[in-house]
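The values are calculated or read from the model by the stated rules, or taken from the named source; none is laboratory data. Since we're looking at a predicted model, the values are computed, not measured. Here the Cβ is made from the backbone with ideal geometry for all residues, glycine too, and neighbour counts use every protein chain on show. Keep in mind that these areas ignore ligands, DNA and RNA; they rest on the heavy atoms of the full protein, side chains included. Shrake-Rupley method; radii C 1.70, N 1.55, O 1.52, S 1.80 Å.
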Amino acid sequence: MSELSNRASIARGQEEGDGPVIGTATEVHQTGAAPGLGTFTCATCGSQLSLHSVDRLPECPRCGGSRFQRASLFEHDGPGSANTVEFEAPARRAHEPEWLGEIRDDLPAGTRCLATMSDGKVEVFPLELGWIRIGRSATADLRLDDPSVSRRHALIVWEDGEPLRVLDDRSLNGIFINGSLTEWGTLMDGDELVIGRYRLYLVQA
C-alpha cells in the first residue's frame, strides 16, 4: 500500500491501536481505557499523553481530568487557544467564477494553486508537492485566519502524477467539496473546496 493510500485509510478512522487517527472528532476515551498506540489530549486542560499499544490512560497529571481525545497528526490546541465558531457552509455556486480563468491562464505548466475571493480581493495560494496543512494556526502551511476555521482544519496531499487529495483534520465545521460534506476526497481543476467561510477553488495548468 502506498503512503498516500495508508494515510487515507487512517483518515477514514482505523480501529484503535493502529496509530494516529484523523477525522474522528467525537472519539473520547476515559481514564482506564486502553485505546492503543498514540498521543491523547486531555479534554479539560489540553495536556497530552503518549501511550504504547498496551498502556491504559491515567488521570491527567496536570488537572486530574479523565476524558481524552486522540490528538491530531500534527499538533494540538493548547489551553487558551481561540475557539472555533460553528458556521453553516454556503451552497455551491452554480458557475465557476470568471476570475478563475484569468488565474489559470497565468499559471506555469504543471503548477497548482488554491484561489479565493476575500473582501473583494482575489487571493492565490501556490501549492507544492507533499502534505499541506490548512487551518487558523500560525503553524499552518496555508493559514486562514477566521473563527469559522479550526486551528487544524484540513490536509491536502499532492503526490506526483496523482490527483490532489484533501482530508478533514478533525475540524469543527468540516470540509465541503462541490457542496458535499466529506471526510476526504479528490480535487480536480475548478473544484470548489469550502473551509469555514472561505470558498477555495483548485486551479491547475
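For this structure, a couple of remarks:
- Leu114 vs. criteria in contact with a Phe, Trp or Tyr (Cβ under 8 Å, 6 or more places away or on another chain) and under 29 Å from Arg70 (Cα atoms): no
- Residue in the range 75-96 that is open to solvent by 80 Å² or more (accessible area, probe 1.4 Å), modelled with pLDDT under 50 and under 17 Å from the mean Cα position of the chain (by Cα) present: no
Rundown of residues vs (1) out of contact with any Asp or Glu (no Cβ under 6 Å at 6 or more places or on another chain); (2) surrounded by 12 or more Cβ atoms within 10 Å (Cβ to Cβ); (3) at pLDDT below 80, yes/no style:
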position	(1), (2), (3)
Glu3	yes, no, yes
Arg7	yes, yes, yes
Thr26	yes, no, yes
Thr41	yes, yes, yes
Gln48	yes, yes, yes
Pro61	yes, no, yes
Phe68	yes, yes, no
Glu98	yes, no, no
Pro108	yes, no, no
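- Inter-residue pairs, beta-carbon under 8 Å, first in contact (Cβ under 8 Å) with a residue 12 or more places away in the chain and in the range 106-117, second among the basic types (Lys, Arg), 6+ apart: Thr116/Arg199; Met117/Arg199
- Any hit, the range 121-132, residues being open to solvent by 40 Å² or more (accessible area, probe 1.4 Å), modelled with pLDDT under 90 and of a type outside the set (Phe, Trp, Tyr): no
- Val166 being in a strand (DSSP E or B) and either open to solvent by 20 Å² or more (accessible area, probe 1.4 Å) or within 22 Å of Gly101 (Cβ to Cβ) (or both): no
- Every residue from the range 141-150 that is open to solvent by 20 Å² or more (accessible area, probe 1.4 Å) and at pLDDT 90 or above: Asp141, Arg143
- First in the range 166-188 and among the small types (Gly, Ala, Ser), second anywhere and surrounded by 23 or more Cβ atoms within 10 Å (Cβ to Cβ) and in a loop (DSSP other than H, G, I, E, B), Cβ under 8 Å, 6 or more apart: Ser171/Val149; Ser171/Ser150; Ser171/Arg152; Ser171/His153
- Failed item in (1) of a type in the set (D, E, K, R); (2) touching a residue at least 24 places away in the same chain (Cβ under 8 Å); (3) in a loop (DSSP other than H, G, I, E, B), with Arg199 passing the rest: (3)
- Every listed requirement among (1) touching a Pro at 6+ places or on another chain (Cβ under 8 Å); (2) aliphatic (A, V, I, L, M); (3) buried (at least 17 other Cβ atoms within 10 Å of the Cβ); (4) over 18 Å from Gly135 (Cα atoms) is met by Met188 save one, (3).
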